[in-house]
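Working notes, beginning with the structure itself.
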DNA sequence: AATGATCTTGATGAGGCCTTAACGCCGTCC
DNA sequence: GGACGGCGTTAAGGCCTCATCAAGATCATT
């Protein structure tokens, strides 16, 4: 289910969007100002962000920059008609699309679909096999050759997914922490040690001598294929 | 240089876009109908497509589908005001963005920048090969032809990365010290001697007679390809 | 409200990396 | 020819990072 976060200070718009989006099977969360909006992005990790530029506490482009600093989720911007310069500034700050109020719900929904479709990563090879286990990215499932399906916790899965998508490449600790826990946790490398140990215990044939989930001391981790 | 293909049947618009885009260093090609437009996409392989929906020979969504069948280049659609349903249909057919005529050139340019930025995600880093080993900058991996992967420490990797990025060029000791250890260590050239020796021992076929990691006495170091 | 799973946090020991110093070599300059 | 400075090499100690374990905190579910 696609998760949408709406940041807007007008209750009527929030209400209209919540109703229309929920009816179309989106999972909707809302925020009424820029500060709580930024917090909500880090906390909820939505798939799309709908952002009103006219917020009470922050300039719209600031919010965009704050989000773009660490994630590339699609941002659709709302603003009243006639503010050409703001429109340009928002797009340059990293927004993906722009809708002028008042807007038709059909148009917003179409732009939403387009934004989600664009951001959906190319389903290149959703299934990755190693000698001892198989990772199915599409089905979110891990199977071990000798003992069937493996249960992973949400956090374990997130980490494994990032490593598998970057298989062969080194992934820095910063990148992992940022994508799983958010930008405020960039230095909590202890989390990674704990979770990598758990993943190894669940996946590696010998957890103490990893063959697939490798540590590159001082740099990060690498999924070896 | 970014290549833009404009498909529109109105000469005045073609002319305006050609002038404005060329002035901003885009490489512009044009087509006046859907048939020749599709041919032009296949032939010119543009980086972005600007498409007018009101073409004489084909429906706009058909053109979009025809392009989307085999490539994922960004498509910005132009159409006259008020055609909500066409707008929705175009976005659902696979268009990336939508601009209503008459449009401000600033807005179109901003959307163009946004579209190009989105479509160019990974500035793919090169893989540099020598006769005896391979450096993959994206994967942060070094492979030696005769003995597989080589493990480098973070400092070793940083130095090698700088030298490889400047391959063929001389890199001064000051530049290396500054980028790896910071500006306070500009005179600690002993560090470089230690680490260059280690890199040579790990990478060179004969560490005592370096063929790739060359010293330029009194100046700095050079990665020879 | 209680239970179990999951996430966070801290402590500990081991290993590896960085730093530093010492020494020998080679070239240049006096 | 000798002194000097830059470079290559080696080795040892300190420190940082990693792996592991365990307990407390938080969350979800009943």
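The values are calculated or read from the model by the stated rules, or taken from the named source; none is laboratory data. Remember, it's a predicted structure, so these values are computed and weren't measured experimentally. Virtual Cβ from ideal backbone geometry, glycine too; neighbours counted across all protein chains shown.
A few points about this structure:
Matching residues to (1) within 14 Å of chain A (Cβ to nearest Cβ); (2) within 9 Å of DNA strand C (Cβ to nearest atom); (3) in a loop (DSSP other than H, G, I, E, B):
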| site | (1), (2), (3) |
| --- | --- |
| B:160 | yes, no, no |
| B:163 | no, no, no |
| B:187 | no, no, yes |
| B:196 | no, no, no |
| B:201 | no, no, no |
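- Residue within the range A:129-140 that is within 16 Å of DNA strand C (Cβ to nearest atom) and over 30 Å from residue B:75 (Cα atoms) present: yes
- Screening residue A:113 on (1) within 19 Å of residue A:73 (Cβ to Cβ); (2) surrounded by 18 or more Cβ atoms within 10 Å (Cβ to Cβ); (3) modelled with pLDDT of 85 or more shows it passes everything except condition (2).
- The set of residues in the range A:203-225 that are away from DNA strand C (no atom under 12 Å from the Cβ), assigned to a loop (DSSP other than H, G, I, E, B) and within 11 Å of another protein chain (Cβ to nearest Cβ) contains only A:224.
- Qualifying residue in the range B:114-137 (condition: in a strand (DSSP E or B), at the interface with chain A (Cβ under 9 Å from one of its Cβ atoms) and in contact with a strand residue (DSSP E or B) (Cβ under 8 Å, 6 or more places away or on another chain)): yes
- Condition check for residue B:46: surrounded by 15 or more Cβ atoms within 10 Å (Cβ to Cβ) and away from chain A (no Cβ under 14 Å): yes
- Residue that is farthest from the other protein chains (Cβ to nearest Cβ) [pool: residues in the range A:63-104 that are in a helix (DSSP H, G or I) and touching a strand residue (DSSP E or B) at 6+ places or on another chain (Cβ under 7 Å)]: A:63
- Here the condition is being touching a helix residue (DSSP H, G or I) at 6+ places or on another chain (Cβ under 7 Å), touching a residue at least 40 places away in the same chain (Cβ under 8 Å) and within 12 Å of DNA strand D (Cβ to nearest atom); of A:176, A:152, it holds for A:176 alone.
- Hits in the range A:165-185 - residues which are part of a helix (DSSP H, G or I) and either farther than 23 Å from residue A:136 by Cβ or more than 14 Å from DNA strand C (Cβ to nearest atom) (or both): A:165, A:173, A:174, A:175, A:177, A:178, A:181, A:183, A:184, A:185
Residues checked against (1) closer than 20 Å to residue B:98 by Cα; (2) free of Cβ contacts under 8 Å to residues at least 60 places away in the same chain; (3) in the same structural domain as residue A:184 (by TED's automatic domain parsing):
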{"site": "A:11", "(1), (2), (3)": "no, yes, no"}
{"site": "A:36", "(1), (2), (3)": "no, yes, no"}
{"site": "A:42", "(1), (2), (3)": "no, no, no"}
{"site": "A:68", "(1), (2), (3)": "no, yes, no"}
{"site": "A:77", "(1), (2), (3)": "yes, yes, no"}
{"site": "A:92", "(1), (2), (3)": "yes, yes, no"}
{"site": "A:97", "(1), (2), (3)": "yes, yes, no"}
{"site": "A:103", "(1), (2), (3)": "yes, yes, no"}
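- Total residues in the range A:13-28, condition more than 16 Å from residue A:99 (Cβ to Cβ) and surrounded by fewer than 16 Cβ atoms within 10 Å (Cβ to Cβ): 7
- Contact annotation: residue pairs with Cβ atoms under 6 Å, 6 or more positions apart or on different chains, pairing a residue in the range A:185-206 that is in contact (Cβ under 8 Å) with a residue 12 or more places away in the chain with a partner that is part of a loop (DSSP other than H, G, I, E, B) and more than 11 Å from DNA strand C (Cβ to nearest atom), are A:200/A:207; A:200/A:210; A:204/A:210; A:205/A:132.
Yes/no per residue for (1) closer than 28 Å to residue A:166 by Cβ; (2) in contact with a strand residue (DSSP E or B) (Cβ under 8 Å, 6 or more places away or on another chain); (3) surrounded by 15 or more Cβ atoms within 10 Å (Cβ to Cβ):
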residue	(1), (2), (3)
B:156	yes, no, yes
B:167	yes, yes, yes
B:180	yes, no, yes
B:189	no, no, no
B:193	no, no, no
B:209	no, no, no
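- Any pair with Cβ under 6 angstrom, 6 or more apart, that starts in the range A:156-167 at a residue that is more than 15 Å from residue A:204 (Cα to Cα) and ends at one that is surrounded by fewer than 17 Cβ atoms within 10 Å (Cβ to Cβ): A:167/A:225
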